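Data block below; observations after.
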Amino acid sequence: MVPQMRKISGIIVRDICIALRSGGAWLMGLVFFAVFLSLSAIALGGEFKTLRPLAPALIWLAVVFSLLFSFEHLFADDADDGTLEHIKLSGMSMHAYVLAKICAHWLLSILPLILALPLAGLLFDIPVALLGGLFISILLASPALVCYGAFSGACLVGFKGGGFLLVLLTIPLVVPVLIFALGGVISYADAGLLTTEFQALLGISLIASAIGIPATAAALNTITE
Amino acid sequence: MGVISFLANPLRFKKFARVAAPIFGVLALVLIVTGIWIGLWRSPEDQLQGHSVRIMYVHVPAVWIGMMAYAAMALASLFAYIWRHPLSDELARACALPGAAFTALGLLSGSLWGKTSWGTFWQWDGRMTSTLILLFLFIGYMAVWAGTPDKRRAARIAGLVAMVGSINLPIIKFSVDWWNTLHQTSSVSMPDAPGLPPSNLLPLMLMTFGYSFFFGWLVLSQVLNSISKAGERRQRPAAASPTMETL
């Protein structure tokens, strides 16, 4: 158990080091998030009166799309340079490897988005209660988003032009997350933390981890076969 | 289980499908033609909806068969995943295109029916939304098959996609229904099959069985086709190997 944990933390540290040395490529998701929100505000006319009711949905869409585009290279780089084969040869369980990659990806792409939420709130001038709901909903839904995205990313390793297909494969799985997250944001303002929506969101995240990690490991095993 | 292991042999499956496919085709033709005839000319029109209720005989079975096709695809993928049987992969793959076509037909006829009875082509109603998402699932599955060059890998990955999708379908259905009841103020009522009078139920059932046999015919012919293609591929390298040795 202990060597397995050390391997997991080793991969997390390695992924973060690679990302930090990549010349800021890992921050592109955050830039996309900002660009998407600005463009939406411009397209909708820039009036706070019209923007405020749409803000939670827009911010959530920005999060989903900025994440979806980030999964294309989650496993593709490791598969290309032979890291994946070595992981398999080293006897490390594929599930543990997937778990490590998912944790590293959470730190690298979801954490920056969560930290940028107050700024996004400023762009749309939304009240603090709504911002709190957004924060909690993204936090609760993030395991589901990462697990499903990782699954699609693993399915499309070596796929030419897989970016659009990744979106197509993941979107149906993300529909319940989106529905309950936005429901939760709205009800958080008057009902607080223990709403049905947030409980459902947590449930979906648990189911997604239970399905997503083994399915991703199975897809990666197929690729290295 | 006995039937499955009997048909797992490609040769026996081929023999069975060669007999069953034409029977399914003829049954489908007879049932659909009778269903359309009774549905269009020999069944009463609805008190509220008039003649437009006849769209139901095309629409409702199409959506049912679309959902059944996804279930069959996921089940075949599960068999293929556990026992690594290539025939099961072919079966799953053959379900995708007809399933997507039936789902699309359901959406299309549904929107036409919606225009005549609710006055709008599209409504973000629970059933319509989840059917649309089902279509997206089918398209994603087919895209994985189409875009992965290595066939064995494509089969396994597509199978995983189908299985993960099938686990999620109930969650999607539930969440969309929940979302719909929350946001939809005007309730949209559809005639449900069990409450229908027998004169409307008969053509509906005829069409459902007709569509099912049509689906079965399409799947069996597709699998037969791919078995004979695989046979050709296996024979070709044997013929080519002597030339390699002479080189």
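The values are calculated or read from the model by the stated rules, or taken from the named source; none is laboratory data. Note that this is a predicted model, so its numbers are computed, not measured. Reconstructed Cβ throughout: ideal geometry from the backbone, glycine too, with neighbour counts over all protein chains shown.
Remarks
- B:Arg93 passes every criterion in (1) of a type outside the set (Gly, Ala, Ser); (2) over 30 Å from B:Arg153 (Cβ atoms); (3) surrounded by 18 or more Cβ atoms within 10 Å (Cβ to Cβ) apart from (2).
- Among the residues listed as B:Leu112, B:Leu27, B:Leu107, B:Leu31, the single one being in contact with a Leu (Cβ under 6 Å, 6 or more places away or on another chain) and modelled with pLDDT of 90 or more: B:Leu31
- Exactly one residue out of B:Ile133, B:Ile82, B:Ile55, B:Ile65 is of a type outside the set (Phe, Trp, Tyr), part of a helix (DSSP H, G or I) and closer than 17 Å to A:Pro172 by Cβ, and it is B:Ile133.
- Complete set of residues in the range B:169-208 that are outside any helix (DSSP H, G or I) and either within 14 Å of another protein chain (Cβ to nearest Cβ) or at pLDDT 75 or above (or both): B:Gln184, B:Pro197
- Residue match in the range B:37-49 (condition: modelled with pLDDT under 85, aliphatic (A, V, I, L, M) and in a helix (DSSP H, G or I)): no
- Of the residues screened, A:Leu111 is not one that is more than 14 Å from chain B (Cβ to nearest Cβ), in contact with a helix residue (DSSP H, G or I) (Cβ under 8 Å, 6 or more places away or on another chain) and part of a helix (DSSP H, G or I).
- Residues of the range A:180-222 classified as hydrophobic (A, V, I, L, M, F, W, C), more than 12 Å from chain B (Cβ to nearest Cβ) and under 16 Å from the mean Cα position of the chain (by Cα), total: 1
- Of the criteria (1) hydrophobic (A, V, I, L, M, F, W, C); (2) surrounded by fewer than 24 Cβ atoms within 10 Å (Cβ to Cβ); (3) over 13 Å from A:His73 (Cα atoms); (4) within 8 Å of chain B (Cβ to nearest Cβ), which one A:Phe159 fails: (3)
- For the condition at pLDDT below 90, assigned to a helix (DSSP H, G or I) and surrounded by fewer than 13 Cβ atoms within 10 Å (Cβ to Cβ), B:Leu11 qualifies.
Residue by residue, here is whether (1) under 15 Å from A:Trp26 (Cβ atoms); (2) surrounded by 20 or more Cβ atoms within 10 Å (Cβ to Cβ); (3) free of Cβ contacts under 8 Å to residues at least 24 places away in the same chain; (4) charged (D, E, K, R) holds:
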| residue | (1), (2), (3), (4) |
| --- | --- |
| A:Asp80 | no, no, yes, yes |
| A:Cys103 | yes, no, no, no |
| A:Ala129 | no, no, no, no |
| A:Leu140 | no, yes, no, no |
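- Selection status of A:Leu168, within 12 Å of chain B (Cβ to nearest Cβ) and more than 13 Å from the chain's Cα centre (by Cα): yes
- For the residues B:Ser130, B:Ser117, the requirement of being among the polar types (S, T, N, Q), closer than 24 Å to A:Ser205 by Cβ and modelled with pLDDT under 95 singles out B:Ser130.
- Those residues of the range B:1-33 which are without any contact (Cβ under 8 Å) to a residue 60 or more places away in the chain and charged (D, E, K, R), in sequence order: B:Arg12, B:Lys15
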